[in-house]
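The values are calculated or read from the model by the stated rules, or taken from the named source; none is laboratory data. Here the structure is a predicted model, which is why all the values come from computation and not from measurement. Reconstructed Cβ throughout: ideal geometry from the backbone, glycine too, with neighbour counts over all protein chains shown.
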Amino acid sequence: MQHFIRVKGSTYHLIYFDLRTRRINKRYTLQGFNDESCWLRGQAWTIYEFAIAYTRTKREEFLRATEKLTGYYMTNCPSDSVPYWDFNDSEIPNTVKDSSAAAITTSGLFDLPGFSDKRKNRDALLNILNSLCEDYLEESYGVLKNGCFNKPEARGVDESLIWGDYYFIDLLTKVVH
């Protein structure tokens, strides 16, 4: 947590440690806009995993980390709550979004004890779900459109992504139950 989560609540994608000295050699955001940017699918997976860690261990530091990460996500999302592929892309709002990041984040938070019970948080999660259902369902292949695999390498940009589809279906099963 102390190495991957930045002060304001965004995350790094990768960190290379010197195994001998245990010092950090470099922090990366490999698929993001730059090394200090907030690549949203990485942020989403971090939210999801800390939510699971808290659910399984009940360790408060995991809940606090999840809340900090989620706060950064919600504060920086556009009005439809589906994030741009990277919050630091200089072309916002004229750049692609990543529906998979919205699905991953929402699925991770939906059954987080104490989080989704709060009216404000539950409403925010349902707004993301609504947005995905109204504006991001794929009509020809896949389930969600407007996913972004790797914009810096121009691979899988503005497409349906299998992990976006997976976490969206996972989210729907949580909502139904």
Could you tell me which residue of the range 140-157 is nearest to L129 (Cα to Cα), considering only residues that are among the hydrophobic types (A, V, I, L, M, F, W, C) and part of a strand (DSSP E or B)?
L144
Any residue at all in the range 49-61 that's in contact (Cβ under 8 Å) with a residue 60 or more places away in the chain and among the acidic types (D, E)?
yes
So which residues in the range 1-41 are farther than 26 Å from R59 by Cα, assigned to a loop (DSSP other than H, G, I, E, B) and in contact with a Leu (Cβ under 7 Å, 6 or more places away or on another chain)?
L30
Mind telling me which of the residues D117, D80 ends up being without any contact (Cβ under 8 Å) to a residue 40 or more places away in the chain and closer than 25 Å to N127 by Cβ?
D117
Might you check whether a residue that is among the small types (G, A, S), farther than 23 Å from G147 by Cβ and modelled with pLDDT of 95 or more occurs anywhere in the range 58-70?
yes
Which of the following residues is surrounded by 13 or more Cβ atoms within 10 Å (Cβ to Cβ), charged (D, E, K, R) and modelled with pLDDT under 95: D111, D86, D123?
D111
